[in-house]
1. Determine which residues of the range 5-20 fall in the zone a paramagnetic label at residue 34 would reach in this model, i.e. backbone nitrogen under 11 Å from the point 7 Å along Cα→Cβ.
2. Figure the gain on full extension for residue 71 and residue 3 (residue separation times 0.36 nm, minus the Cα-Cα span) and round it to one decimal in nm.
3. Fully extended, how many nm does the chain gain between residue 20 and residue 104 (0.36 nm per residue separation, minus their Cα-Cα distance)?
Amino acid sequence: MPVYEFRCQDCRRLVRLTYSFDEYEQATPDCPHCGSTALKRRIGRVALARGEEARMDSLLDDSALDNLSEDDPRALGRLMRQMSQEMGEDLGEEFGEVVDRLERGQSPEEIEKAMPELAEGDGGLDAFDE
Ligand SMILES: [Zn+2]
């Protein structure tokens with residue numbers, strides 16, 4: 001099952017929760033550390049590179065993803081903006097900044113360098129912010 005990552009807005013810890021897609025639609029995630037429900041979904045490397053797993057796949061036809069290349073950040077930015085509009089959710093300032101940067105032609109690698117918090121959870125950086 002897919003793992004969803006959140007940042008707890010109260011205790012600032014990284015929270016990983018596993019839901020099926022159906023469960024995620026119904027879920028009210030809460031923080032296992034402090035019990036807060038003020039969890040903000042994180043946008044990570046996978047979301048940048050491939051769209052957000054099957055949840056976003058379901059919003060797109062396959063050709064949109066097949067044509068997607070990390071070498072064409074503007075197309076990726078347009079696609080991410082389109083996905084966020086179709087989801088009808090506010091995906092947060094971080095997501096908006098990523099989309100803006102992509103639309104300006106920055107590669108995902110450049111964006112991760114400029115926004116190191118995006119790479120958290122992939123390389124053990126979390127040890128430093130708790
Ligand atoms: Zn918490």
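Just so you know, all these numbers are worked out from the coordinates, no wet-lab data involved. Just so you know, these numbers come straight off a predicted model, no measurement behind them. We place every Cβ from the backbone using ideal geometry, glycine too, and count neighbours over all the protein chains shown.
1. What the label zone holds, given the 11 Å backbone N cut-off, is 8-14.
2. Value of the extension gain: 21.8 nm.
3. Going from the current span to full extension adds 26.8 nm.
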